[in-house]
1. With contacts defined as alpha carbon pairs under 8 Å and 6 or more residues apart, what's the relative contact order of the chain in percent?
2. Could you work out how far the C-alpha centroid of segment 65-88 sits from that of segment 185-243, in angstrom?
3. Measure up Lys120/Lys258; Lys49/Lys121; Lys49/Lys211; Lys74/Lys121; Lys80/Lys167 against 23 Å on the Cα-Cα distance and list the ones that go over.
4. Run the dipole for segment 128-173 about the Cα centre, Lys and Arg Cβ at +1, Asp and Glu Cβ at -1, nothing else charged, and hand back the magnitude in debye, nearest 20.
5. Rounded if a/c is under 1.5, else prolate if a/b is larger than b/c, else oblate: which is the chain, with a ≥ b ≥ c the root eigenvalues of its Cα gyration tensor?
6. Of Ser257, Ser111, how do they rank once you tally other Cβ atoms within 10 Å and put the fewest first?
7. List the trypsin sites (Lys or Arg not before Pro) within segment 166-254 that DSSP assigns to loop and that have no more than 16 neighbouring Cβ atoms inside 10 Å.
Amino acid sequence: MQIAFKIIMMFSFVSMYSLMAGEIKLKETEVVSLGENLSLEMVLIPAGKFMMGSNLLEKCRIDDETLHLVTITKPYYMGKNEVTQEQWESVMGDNPTRRGRGAKFPVTDISWDDCQEFIKKLNLKMNGCFRLPSEAEWEYASRAGVNAAYSFGDKITPNDANYAGSKIYGPVVVGSYKPNAFGLFDMHGNVWEWCNDWYGSLLDGAVTDPKGSLSGEYRVLRGGSFLHFDSNARSSFRNYNSAPYRFVNVGFRLAMSK
């Protein structure tokens, strides 16, 4: 399928928290056409600073969530939604999803390696710079300026996200819940999202634009899923698995360099 490339710039004002700027930012969205009325919506995430990890008092905290200051020096784009089945199929020509099939549902049953193949084909066809987000970029985007367990506070309910406590036990259409302050949907729950990083210990101290461990056995997964408890959907929770791993509750979200 020939994919057309078109970017439409849309602007609106939104209040965004950034330790670097601490003021209202201009929200910019790039809509990338995939052809046949399909598109990818990418939201601009501003540069800034945040506390990555969790404090010692956060409920269900895990030892590998070392709290430390992270500086993101360059703005980047983050997918407004998890990549859907129709978006995947428009690039790859197939649909690997086994549970919760539907055009607007997140694509699942994809490995980290599968994501790389999707990104490679997408970039070749569109002369783009799509990629998986780093783990730090993912958490910064998830928090959207909130130093709490979730982007909306320290408590989560079935009205906020699709996790095990919602008792849906399957994925839902992307964007079914309210977005965070950056305008991103489903950063908590629905399906796990692959990050680019190797899994490893977080650094204890201030870091700038971290890219994770140089090597490892596992790749990072973030965000929780419909099969996991609320604690796994916290912004700081770190999951991981091997790059070839595929399962019914694992998908991904794109990032794009500005």
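None of the figures in this text is laboratory data; all of them are computed from the coordinates on show. Note that this is a predicted model, so its numbers are computed, not measured. Reconstructed Cβ throughout: ideal geometry from the backbone, glycine too, with neighbour counts over all protein chains shown.
1. 23
2. Rounded to whole Å, the Cα centres lie 11 Å apart.
3. The answer is Lys49/Lys121; Lys74/Lys121; Lys80/Lys167.
4. With Lys and Arg at +1 and Asp and Glu at -1, about 140 debye.
5. Rounded is the answer for the chain, as its axis ratio a/c remains below 1.5.
6. Ser257, Ser111
7. Of the trypsin sites (Lys or Arg not before Pro), the ones in loops of segment 166-254 whose Cβ has at most 16 other Cβ atoms within 10 Å are Lys167, Lys211, Arg246.
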